[in-house]
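Since every read-out is calculated from the coordinates, none of them should be taken as a lab result. What you see is a predicted model; the values in this text were computed from it and never measured. Here the Cβ positions follow ideal geometry from the backbone for every residue, glycine too, while neighbour counts run over all protein chains shown.
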Amino acid sequence: MTDKLNELTAAGVAVWLDDLSRVRLSSGGLDQLRREKHVAGVTTNPTIFAKALSDADEYNWQLRDLATRDVDVEEAVRMLTTYDVRWACDVMRPSYDGSDGVDGRVSIEVDPRSAHDADKTVAEAKALWWLVDRPNLYIKIPATEEGLSAITDTLAEGISVNVTLIFGLDRYSAVMEAFLAGLEQAKANGHDLSKIGSVASFFVSRVDSEVDKRLEKVGSDQAKALKGKAAVANAQLAYERYTEVFSSDRWKALAAAGAHPQRPLWASTSTKNPDYRDVIYVEELIAPGTVNTMPESVIHAYADHGETRGDTVTGAYDAARKVFADLESVGVDMADVIATLEREGVEKFEVSWQELLDGVTKSLKAAAQGTGAPNKAAKGNAKAADKAGGA
């Protein structure tokens, strides 16, 4: 049988898993995906942790210990999540060592409630970096306006960053500028640039969800014919900007000092519309030097019937620009689409974070009372959080 995920990897796309749980770690499932499905990295978010903490008894011993110590819920969440991420970093270490530090990365997100506070974001990024204490860690920082300076300042400390919740082209350009500035400052601060990694998580399926909703509202045949095209076009044009920035003289100077490029990472790549091919956001976004982070279901779907047709991005820029022009002609305001998605993206993760805190609060109380299986109390919250979705 053809190894379709190997073909995808050979085409320059790093396959990452958009999920993590202690069950996945303790069962060896993550290591199996690394060995058998070419999984070369892991991403997490508040929704993923909310679900993981509610679905298994694996956390009970740690919850009991935390309850005995009377830690507050904020510390408990960080102890629980960093434990899993540290373990995952160790599982993925062979990929990290084998790729010269490019892959084998595991991401953990700063508190999304600080997304509009640069100082708090940097302080938490430093704390998480210290807590996990693994070289193959990524700290996820949302690409809000306030987050841009936090990205630069965090990189300047020699800390690797996964920039998340990128939806629009202009914001993506600003993220790449923040990355370059951060590496320049890191170099000035005496850090080894070859040890600093970064990806820019450009969200995909949510763009189609929002645009398709607006196209349905327009209702014309011309509008409906554009459904399912915006997300791929948006990502393709993002890659065009990536190639421009990372062929510049400014970048070449950093590369000469040992820096690795900030790779585009396609996030939210499971299809939300059942009418679309389940691997469309993988097949249509194949390009060298990219990452695609997928739920396990999409990884298995691609292994079964994905088609690697070579680079499906760099030859599509003109067609992508036409999609944008056509969207404008039917009245879809892409600037408003992007602003809406960014606002909702931060809000969804804030909600998930609060539900995670609420679930752990109940679990700690149950653990202190010795009622057993304390994490089950969070299951309802986790199911609600899971609907928020997103990588």
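Report the label-to-label distance for D133 and W61 in nanometres (one decimal), using points 7 Å from each Cα along the Cα→Cβ vector.
Roughly 1.9 nm, to one decimal.
Per DSSP H run of at least 4 residues, take -39500 (n - 2.57); add these up for the chain, divide by its residues and hand me the 222 nm value, nearest 500 deg cm²/dmol.
Per the formula, -17500 deg cm²/dmol.
For the stretch 1-136, build the convex hull from the C-alpha positions and give me its volume per residue in Å³.
Cα-based convex hull of the stretch 1-136, divided per residue, equals 129 Å³.
Tell me the volume per residue, in Å³, of the convex hull enclosing the alpha carbons of the stretch 230-348.
In the stretch 230-348, the Cα convex hull volume per residue is 154 Å³.
Enumerate the calculated ³J(HN,Hα) couplings along the stretch 294-303 in order (Karplus 6.51 cos²θ - 1.76 cosθ + 1.60, θ = phi - 60°), each rounded to whole Hz, writing x wherever the residue is Gly or Pro.
Residue by residue, the stretch 294-303 yields 10, x, 4, 4, 6, 4, 5, 5, 5, 4 Hz.
Skipping prolines and chain starts, which residues have an amide H placed within reach, meaning under 5 Å, of the one on A14, given they are 5 or more residues away or on another chain?
The list, which skips near neighbours in sequence, is T290, V291, N292.
Say a paramagnetic label sat at a point 7 Å from the Cα of T314, along Cα to Cβ; which residues of the stretch 290-307 have their backbone N under 14 Å from it?
Within reach of a label on T314, which here means backbone N under 14 Å from a point 7 Å along Cα→Cβ, the stretch 290-307 contributes 290.
Give the Cα extents of the chain along the principal axes, in whole Å, largest first.
62, 52, 48
Within the stretch 298-374, list the GluC sites (Glu not before Pro) lying in a DSSP loop whose Cβ has at most 15 other Cβ atoms in a 10 Å radius.
E307
For K362, which lysines qualify as cross-link partners when the Cα separation must be under 16 Å and same-chain residues fewer than eight apart are set aside?
K51, K376, K379, K383
Rounded to whole Hz and in sequence order, give me ³J(HN,Hα) for the stretch 41-47 from the Karplus expression 6.51 cos²θ - 1.76 cosθ + 1.60, θ = phi - 60°, writing x for Gly and Pro.
x, 9, 10, 10, 7, x, 5
Under 5 Å between amide H atoms, partner at least 5 residues away or on a different chain: which partners does E109 have, H built in plane at 1.01 Å?
Those qualifying (amide H under 5 Å, at least 5 residues apart or on another chain) are K140.
³J(HN,Hα) across the stretch 127-137 via Karplus (A = 6.51, B = -1.76, C = 1.60, θ = phi - 60°), whole Hz, x for Gly/Pro?
Here the 3J(HN,Hα) series is 5, 5, 4, 6, 5, 6, 6, 9, x, 9, 8 Hz.
Can you tell me the convex hull volume per residue for the stretch 70-178, based on C-alpha atoms, in Å³ to the nearest whole number?
Cα convex hull per residue, to the nearest whole number: 103 Å³.
Distance from the Cα centre of the stretch 292-369 to that of the stretch 35-76, in angstrom?
22
First measure r as the distance between the Cβ atoms of S247 and Q354, then evaluate 1/(1 + (r/R0)^6) with R0 = 45 Å and state the FRET efficiency to the nearest 0.05.
0.60
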